[in-house]
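Visitor: Once you've had a glance at the structure underneath, I'll fire off some questions.
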Amino acid sequence: MQEITTPLTAPATSAAPALVLRPWQAADVPALVDLIGDEALRRWTSWDIEDEAGAVRWIQTQRQGWTAGDRFAFAVLEAAVAGGEDERPVGHVVLKRSVPGAASAEVGYWTVARARGRGVAPRALGALTDWAFTAFAGDGLVRLELRHQVDNAASCRVAEKCRYGL
């Protein structure tokens with residue numbers, strides 16, 4: 001299992017606070033339940049959470065991925081202006097390694113409605129990309145593939161900003 005000794009971060013911009021990426025936790029269930037009605041999330045992702053029990057299962061699946069070493073999912077949070085962290089995730093980034101030790105892996109992301117259009121996805125994806133190549137360089141990782149909806153213009157802009165070929 002890949003250990004995270006310190007959270008991943010992305011620096012603040014002139015328009016947005018710094019980001020903190022950490023593994024999903026049971027305390028994130030209410031935030032996931034609040035996203036059930038997010039139509040854009042349902043349209044552009046494989047979102048399948050219908051209720052609190054579904055949110056609990058989803059987080060358990062993310063945690064199991066860490067244990068298995070094949071799925072490294074991070075909740076994305078904005079650092080609060082007054083210090084500390086806003087504990088309500090504004091997004092999700094994930095590194096999927098279907099075959100640990102393989103030369104390539106897949107990355108993905110989503111953001112909540114209040115975070116869209118504010119640079120959260122590209123900054124979080126950039127932090128995940130940097131971490132992946134650092135954490136798994138010795139394990140042979142040399143390529144990341146971004147899976148996203150090519151008919152989602154916003155997602156294409158994120159891919160371009162992060163220099164993932166389309």
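The values are calculated or read from the model by the stated rules, or taken from the named source; none is laboratory data. All figures in this text were calculated on a predicted structure; none of them were measured in a lab. Neighbour counts run over all protein chains shown; Cβ positions are idealised from the backbone, glycine included. In case anyone asks, the SASA skips ligands and DNA or RNA and just uses the protein heavy atoms, side chains included. Shrake-Rupley method; radii C 1.70, N 1.55, O 1.52, S 1.80 Å.
Visitor: Among residues other than residue 97 whose Cβ falls under 9 Å from its Cβ, what is the net charge (Lys/Arg +1, Asp/Glu -1)?
Guide: For residues surrounding residue 97, the net value is -1.
Visitor: Roughly speaking, to the nearest percent, how much of the chain's 1.4 Å accessible area is carbon and sulfur?
Guide: Details: 4450 of 8640 Å².
C and S atoms contribute 51 percent here.
Visitor: Among DSSP bridges having both ends in the chain, what percentage is antiparallel? Round to the nearest 5. All intermediate terms of the calculation are to be shown ahead of the outcome.
Guide: On the way: 21 of 25 bridges.
The antiparallel proportion sits near 85 percent.
Visitor: Another question, then. Which of these values of Kirkwood radius over Cα pairs in Å was calculated from the structure shown: [x] 26.1; [y] 16.2; [z] 20.1?
Guide: This structure yields the entry labelled [y].
Visitor: Here's something else I'd like to know. Pick from 117, 108, 126: which is most flexible by mean-square fluctuation in a GNM of the chain where alpha carbon atoms under 10 Å apart are linked?
Guide: Comparing 117, 108, 126 in the GNM, the peak value goes to 117.
Visitor: How large is the accessible surface per residue of the chain, computed with a 1.4 Å probe and reported in Å² as a whole number? Spell out each step's value before the answer.
Guide: On the way: 8640 Å² over 166 residues.
Accessible area per residue: 52 Å².
Visitor: What does the charge count near residue 72 come to, summing +1 for each Lys or Arg and -1 for each Asp or Glu among other residues with Cβ under 9 Å from its Cβ?
Guide: Working: positive: 71, 96, 97; negative: 70.
Its environment carries a net charge of +2.
Visitor: Can you tell which of 14, 77, 142 lies farthest toward the positive end of the dipole of the chain, using +1 and -1 charges on the Cβ of basic and acidic side chains (Lys, Arg; Asp, Glu)?
Guide: It is 142, whose Cα lies furthest towards the positive end.
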